[in-house]
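Accompanying notes for the structure given below.
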Amino acid sequence: MNRQEWLAEEFERQRPHLRSVAYRMLGSLTEAEDAVQESWVRLDRHDPGGPGDLRGWLTVVVGRICLDMLRSRRARREQYAGTWLPEPIVTPLGGSTARPLADPVAPDDPARDAELADSVGLALLVVLETLEPAERLAFVLHDVFAVPFEEIAPVVERSPVAARQLASRARRRIHASAPSPDADLRVQRRVVDAFLAAARNGDFDALLRVLDPGVVLRTDGGGVGPLARPPIEGAAAVARQLAAAGGRFAVFARPAIVNGAAGVIVDQPDAPPIVVGFTVVSGRIAAIDIVGDPSKLSGLSAAEALLGE
């Protein structure tokens, strides 16, 4: 086996890891695939030479690519109507229905999905999206993937001490804003099932019982349509919204794993599916994330019924 063949084989071995890095950096499976592919182009052009730590080298390269992508898309996000939510990783439960996410690069791979979704719930990705690009890079590379600050520093064009400070600021914001979900999926599922029953019945009081007082409802319709609206915060406000319109979607909801947590896919007749992710904390729902962006799923028809539009 020559050097080029070895590099190609080793790169494929590292691809799931690199995709995991890029997804945490970008919150988009499609963009993550683009970043990983660009890292192969750079490896092909600039072979680091020697056996060395190719995994570490590629991790930093993917981080640098993602940093550039984050910076270039910031202007577009500033004009995005409503909330931008990450592209969810969805595994349907029961039956043989295909997952509602199109992956143009690779076929469905449960092992890959599990690796990507591990410890990266939608609520955490939403908070990561609020960080400065350099803060996000420092946190993801160091805190998640154990890259030394000495290697992060050149990427963010700071000293190692300054890179450490970037990660520290990111860590404080994440700890303050991203709730730690209940780990037991069975507990999460019971709470979500109770929520769906209350929504089907339009039962305001039952909804209040399963919602955290500070619950937030976020919706993403790709910047257009009924989901292009600001978040709704507070148990009473969220319960009012869902008691009025929730029955229209709850009856068509089927269980799924969304970014490693309990969620649902809503399949209304003659309408594209939407995905709903839940963050369950201490037995109550602290966040509801509704993804109906046509670029991440397949349309907004079901989402319109969800919000009573």
message = When you scan the range 257-274, do you find a residue that is part of a loop (DSSP other than H, G, I, E, B), on the phi > 0 side of the Ramachandran plot, out of contact with any helix residue (DSSP H, G or I) (no Cβ under 6 Å at 6 or more places or on another chain) and surrounded by 21 or more Cβ atoms within 10 Å (Cβ to Cβ), even just one?
response = no
message = Here are the criteria: (1) part of a helix (DSSP H, G or I); (2) more than 21 Å from A170 (Cα to Cα); (3) without any contact (Cβ under 8 Å) to a residue 60 or more places away in the chain. Tell me which single one G56 does not satisfy.
response = (3)
Selection from the range 67-89 of residues that are modelled with pLDDT of 80 or more and within 23 Å of R218 (Cβ to Cβ) = M69, L70, R73, T83, W84, L85, P86, E87, P88, I89
task = From (1) buried (at least 17 other Cβ atoms within 10 Å of the Cβ); (2) touching a residue at least 60 places away in the same chain (Cβ under 8 Å), pick out the condition that doesn't hold for V187.
result = (1)
note = Scanning the range 1-26 residue by residue, the ones that are in contact with an Asp or Glu (Cβ under 6 Å, 6 or more places away or on another chain) and crowded, with 21+ Cβ neighbours inside 10 Å total 1
ask   = Among the numbered criteria (1) closer than 18 Å to G283 by Cα; (2) of a type outside the set (D, E); (3) at pLDDT 90 or above, which single criterion is violated by I232?
value = (1)
inquiry  = Here is a list: V192, V144, V161, V156. Which entry is touching a Leu at 6+ places or on another chain (Cβ under 9 Å) and of a type outside the set (G, A, S)?
reply    = V156
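The values are calculated or read from the model by the stated rules, or taken from the named source; none is laboratory data. Everything numeric in this text was worked out from a predicted model, so none of it was measured. Cβ atoms come from the backbone with ideal geometry, glycine included; neighbour counts cover every protein chain shown.
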